Amino acid sequence: MDWQALALSVKLSFVTLLFLLPIGILLGRWLAYRQFWGKSLLQTLLALPLVLPPTVLGYYLLVAFSPNQGLGLWLVNTFGTTLIFNFQGLVFASIIFNLPFAIHPMQRAFAAIPREIREAAACCGMRPSLVLWKIELPLAWPGIVSAMVMCFAHTLGEFGIVLMVGGNIPFETQTIAIAIYDRVQSFDDHAAAVMSFSLLLFSMLTISFTYWLSARSERTHD
Amino acid sequence: MKFSVSTKRLAVRYLLLLFFTPILSAAEIPVIAAASNLKFALEEITTAFHQETRKSLRISYSSSGNLTRQIQQGGPFELFLSANAHYVEQLYQQHKTLDRGQVFALGRLALLTPIDSSLKLDVQLNGLKQALQSRQLQRIAIANPKHAPFGIAAREALQKQQLWHAILPHLILGENVAQATQFASSGAAQVGLVSYSLALAPALKNRVRYLLIPSSLHQPLQQTAVLLNNAGDTANLFFHYLQQEKARGILARHGYTLP
């Protein structure tokens, strides 16, 4: 077991969640309640990572953040670093490819809140931020939690894009999924087996948890 | 469950620490970009280097072509160990390296099969030819010649023995020579034309049969070390260590010819 790689993966997943939680809530809620020009285009763009091959996304990230030109060059000149072959780069990539996994369930959860409840709260003089905090979030939380769990697991398992924009650098971009790949190529079948089985168990737990959560929220809604 | 305020504060602080500090002080350990065929020799050399100097190194393995691309794109490497001189020369022309580097070993090709395979191994590759003609050979693994020097050498050897066109439909390309070796040693492919150093890997002992291929069948596989522009003291030290007696002994034991 490569504990360093596991720790790195868990850290990557948590940092990704830290960004995706507010993004998902704000964007999901906005898409659930508002109609505006260009909404379907925005939704298409946000769903794109679901079907886009990770190599395509990886390729564009490599081009965009290459320190030899354009945006990447500007980042290097301004911040001294760019967003490929380092941990920050993995965080950025994870946020992009997890967007649909964060936003869709949250959007559905917010859309399921009856309009009358929100209007009643507003009529009682509650500020919108208070409505969100006291009314909407308590009702939408199963959707939010399951979105976060899916993002966590998805980040833990992501391979192609991590290998492409991260390389395979120990302690920096060598996540658990990459470590398995690396161990197989080092003919270390035992380590690969242990790590694969751990990820298999974890993935099963994740899926059962989200199923349990959605079954639970259906019961309370009935 | 109730937590006191100070416990909560401590937990928050711990979480913040977890998120924003790099794992270990990894940032200070230099990263070497190394061709996959060097894996097991390099493990031994870095261990010896650590014992003598107390300095650690991180190694990122891939095909030399892939690593060259990562270096061009600003990968954070301080030293590059390429499986041929061509990629180093390319990086030198693009001002990514300090100089033209140093050849520290010559790689060799080997034919490798799972231990229970009935395939005949011979230096003229006649066994391969026969297996092809009798339709016994379905899959042969080599590294991808588009970006892996050992793949290029394997292609040259097969071309020299007039086997390349017949073998094309049976090729499985590994991302790098270690993956090609894994394909062949696991039986996923029946045979591999891979690096001798990996055929000698301790983990493959009693799992494979192999045969050293004459170096006359391919261009020399000049394992070239080159310091990159941001190389620090440790990388410099290791660059020289690689060319000293101890490291040379280890390389020889792993099947490399020494320059």
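Computed from the coordinates by the stated procedures, all read-outs in this text should not be read as laboratory data. No experiment lies behind these values; they were computed from the predicted model shown. Backbone-built Cβ (ideal geometry, glycine too); neighbour counts: all protein chains shown.
I want the local charge near residue B:75. Using Cβ-Cβ distances under 13 Å, sum +1 for each Lys or Arg and -1 for each Asp or Glu among the other residues.
Here the charged neighbours net out to +1.
Averaged over its residues, how many other protein chain Cβ atoms are within 10 Å of peptide A:162-169's Cβ atoms?
So the per-residue partner count for this stretch is 5.
Express the C-alpha Rg of segment B:107-217 as a ratio against the empirical globular expectation 2.2 N^0.38 Å, rounded to two decimals.
Normalised Rg, Cα atoms only: 0.92.
If I histogram all Cα-Cα distances within segment B:188-259 using bins 5 Å wide from 0, what percent of pairs lands in each bin?
Once binned at 5 Å, the Cα pair distances of segment B:188-259 give 3, 12, 19, 19, 17, 15, 9, 6, 2, 0.
Taking square-rooted eigenvalues a ≥ b ≥ c of the alpha carbon gyration tensor, is segment A:69-118 rounded, prolate or oblate, where a/c under 1.5 means rounded and, failing that, a/b exceeding b/c means prolate?
Prolate shape, in that a/c is at least 1.5 and a/b is the bigger ratio.
Express the relative contact order of chain B as a whole percentage, based on alpha carbon pairs under 8 Å and six or more residues apart in sequence.
Averaging sequence separation for qualifying contacts and normalising by length gives 28 percent for chain B.
Which pairs break 25 Å Cα to Cα here: B:146/B:246; B:120/B:205; B:39/B:246; A:11/B:205; B:39/B:160; B:55/B:246?
In this structure, B:146/B:246; A:11/B:205; B:39/B:160 exceed 25 Å between Cα atoms.
Residue B:66: net charge of surrounding residues, Cβ under 12 Å, Lys/Arg +1, Asp/Glu -1, itself excluded?
My count for the surroundings of residue B:66 gives +1.
Between residue B:89 and residue B:115, what is the spin-label point distance in nm, taking each point 7 Å from the Cα along the Cα→C-beta axis?
Each label point lies 7 Å from its Cα, and together they span 4.2 nm.
In peptide B:59-70, how many Cβ atoms from other protein chains are near each Cβ within 10 Å, on average?
What the average comes to for B:59-70 is 3.
Based on the alpha-carbon gyration tensor of chain A and its eigenvalue square roots a ≥ b ≥ c, which shape applies: rounded if a/c is under 1.5, prolate if not and a/b is larger than b/c, or oblate?
oblate
Using θ = phi - 60° and the Karplus form 6.51 cos²θ - 1.76 cosθ + 1.60, what ³J(HN,Hα) does each residue of segment A:140-145 get, whole Hz, x for Gly and Pro?
Coupling constants for segment A:140-145: 8, 4, x, x, 5, 5 Hz.
Quick check: convex hull over the Cα atoms of the protein assembly as shown, volume per residue in Å³, rounded to an integer?
About 203 Å³ per residue, rounded to a whole number.
Please give the helix A:54-65 orientation as an angle from the longest Cα principal axis of chain A, in degrees from 0 to 90, rounded to the nearest 10.
Once rounded, the angle reads 80 degrees.
I'd like the per residue volume of the convex hull spanned by the Cα atoms of segment A:1-127, given in cubic angstrom.
Expressed per residue, the convex hull around the Cα atoms of segment A:1-127 is 177 Å³.
Dimensions of segment A:111-192 along principal axes (Cα, Å, largest first)?
Largest to smallest, the principal-axis extents are 66, 21, 17 Å.
What's the average, rounded to a whole number, of partner chain beta-carbon atoms within 10 Å of each residue's beta-carbon in A:100-112?
Mean shielding count: 0.
Normalised by the residues of chain A, what does the relative contact order come to in percent, with Cα pairs under 8 Å and at least six apart?
Taking the mean separation of contacting Cα pairs over the length of chain A, I get 31 percent.
In whole percent, what relative contact order does segment B:107-217 give with Cα contacts below 8 Å and a gap of six or more residues?
It rounds to 44 percent for segment B:107-217.
Residue B:109's amide H: which non-local residues (gap 5+, or another chain) put their own amide H closer than 5 Å, with H modeled 1.01 Å from N in plane and none for Pro or chain starts?
Residues meeting the criterion, in which the H sits 1.01 Å from N, are B:196, B:213.
Once both axes come from the Cα atoms, what is the angle between helix A:39-51 and the longest principal axis of chain A, in degrees from 0 to 90, rounded to 10?
40
Amide H to amide H, which residues 5 or more places from residue B:163 or on other chains are under 5 Å from it, using H placed in the peptide plane?
Excluding prolines and chain starts, which carry no amide H, there are no hits.
Residue by residue through segment A:184-190, what is 3J(HN,Hα) from phi via Karplus (6.51 cos²θ - 1.76 cosθ + 1.60, θ = phi - 60°)? Round to whole Hz and write x for glycine and proline.
4, 6, 9, 6, 9, 5, 5
Could you sort the peptides B:217-223, B:241-247 by per-residue average Cβ neighbour count (10 Å cutoff), highest mean leading?
The packing order, highest mean first, is B:217-223, B:241-247.
Evaluate the Kirkwood expression for the hydrodynamic radius of chain B, namely the inverse of the mean inverse distance over all pairs of different C-alpha atoms, and round to one decimal in Å.
19.8
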